[in-house]
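Written below as structure tokens is the structure these notes are about.
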Amino acid sequence: MNTLNLKMSIGESVTLYPELVKVYMDYGVDFCCGGNRSVKEAIERDTDYVENLIVDADKAMAAATQFSVDSKQLKLSDFTTHQLIDRIVREHHGYLKMELPIISELMFKILMVHGEAHPELYKIHQIFGGLKTELEGHLVKEEVLLFPKLSEGGSDCRALIEELEDEHDGAGEALHELTDLTGHFKVPEDGCGTYQLVYEKLKILVADMYMHVHTENNVLFKRFV
Ligand SMILES: [Fe+2]
Ligand SMILES: [Fe+2]
């Protein structure tokens, strides 16, 4: 079983094990900026609950590598291409199609109410809007253009895969910016329930996007380039 390697850089740890993103976020550990710090350095500096974090990290890593399909214990890398595509579309694309419009509507509400007291919301609103538009086009390209081709063997897909990987990088930058601008999704004291809900949803969006992009870049696309 994999356990959290404290000597690895924190940036590398989320690249190899994206399931750690949620754990780091739960404990307020910064894995984006300062990505060159070792895991040990980062968690010791950013949280008072190092031992709890390590227990949760080990659990998350074990759960991610032993994903249950048809009651067999399978890793993502053991999935057939068809199973991977099915999982991406159902879990990650389904999630985005449902949540992006909801976050967008709530974000506009908090901008109206709190924009004056918290001007950073203008930028957060703008970056989220751009990300939403980009992701919607991206999902369609994958579902309409790429995935059907991959299901049939994936010949001649290299250029399209590169284009989609570039789009993943762009989305990653927007997610980093959102993490920074929201101070790691810390709701200001005068923030209302909707404010809290938006930040909670943005935090889940970041964690889900890491798993989504990891599954595509490092597992699915790798089979065809
Ligand atoms: Fe996708
Ligand atoms: Fe994608």
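Looking only at the stretch 12-65, count how many residues are modelled with pLDDT under 90 and among the acidic types (Asp, Glu).
Final tally of qualifying residues: 5.
Matching residues to (1) farther than 24 Å from THR215 by Cα; (2) touching a Ser or Thr at 6+ places or on another chain (Cβ under 8 Å):
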{"site": "PHE147", "(1), (2)": "no, no"}
{"site": "LEU150", "(1), (2)": "no, yes"}
{"site": "ASP156", "(1), (2)": "no, no"}
{"site": "ALA159", "(1), (2)": "no, no"}
{"site": "GLU167", "(1), (2)": "no, no"}
{"site": "GLY170", "(1), (2)": "no, no"}
{"site": "ASP180", "(1), (2)": "yes, no"}
{"site": "GLU189", "(1), (2)": "yes, no"}
{"site": "THR194", "(1), (2)": "yes, no"}
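Out of GLY172, GLY153, GLY94, report the one residue that is away from ligand 1 (no atom under 16 Å from the Cβ) and surrounded by fewer than 17 Cβ atoms within 10 Å (Cβ to Cβ).
Values: GLY172 fails: away from ligand 1 (no atom under 16 Å from the Cβ); GLY94 fails: away from ligand 1 (no atom under 16 Å from the Cβ).
Only one candidate qualifies: GLY153.
Could you please find all residues in the stretch 46-56 being part of a helix (DSSP H, G or I) and either without any contact (Cβ under 8 Å) to a residue 40 or more places away in the chain or under 19 Å from HIS184 (Cα atoms) (or both)?
Listed by number, the residues that qualify are ASP46, VAL50, GLU51, ASN52, LEU53, VAL55, ASP56.
Is it the case that some residue within the stretch 184-192 is on the phi < 0 side of the Ramachandran plot, assigned to a helix (DSSP H, G or I) and modelled with pLDDT of 95 or more?
The answer is no; no qualifying residue exists.
Every residue in the stretch 122-158 that is closer than 21 Å to LYS203 by Cβ, away from ligand 2 (no atom under 14 Å from the Cβ) and touching a helix residue (DSSP H, G or I) at 6+ places or on another chain (Cβ under 9 Å), please.
Result: TYR122, LYS123, ILE124, HIS125, ILE127, PHE128, GLY129, GLY130, LYS132.
The values are calculated or read from the model by the stated rules, or taken from the named source; none is laboratory data. Here the structure is a predicted model, which is why all the values come from computation and not from measurement. Note that we place each Cβ from the backbone using ideal geometry, even for glycine, and neighbour counts take in every protein chain shown.
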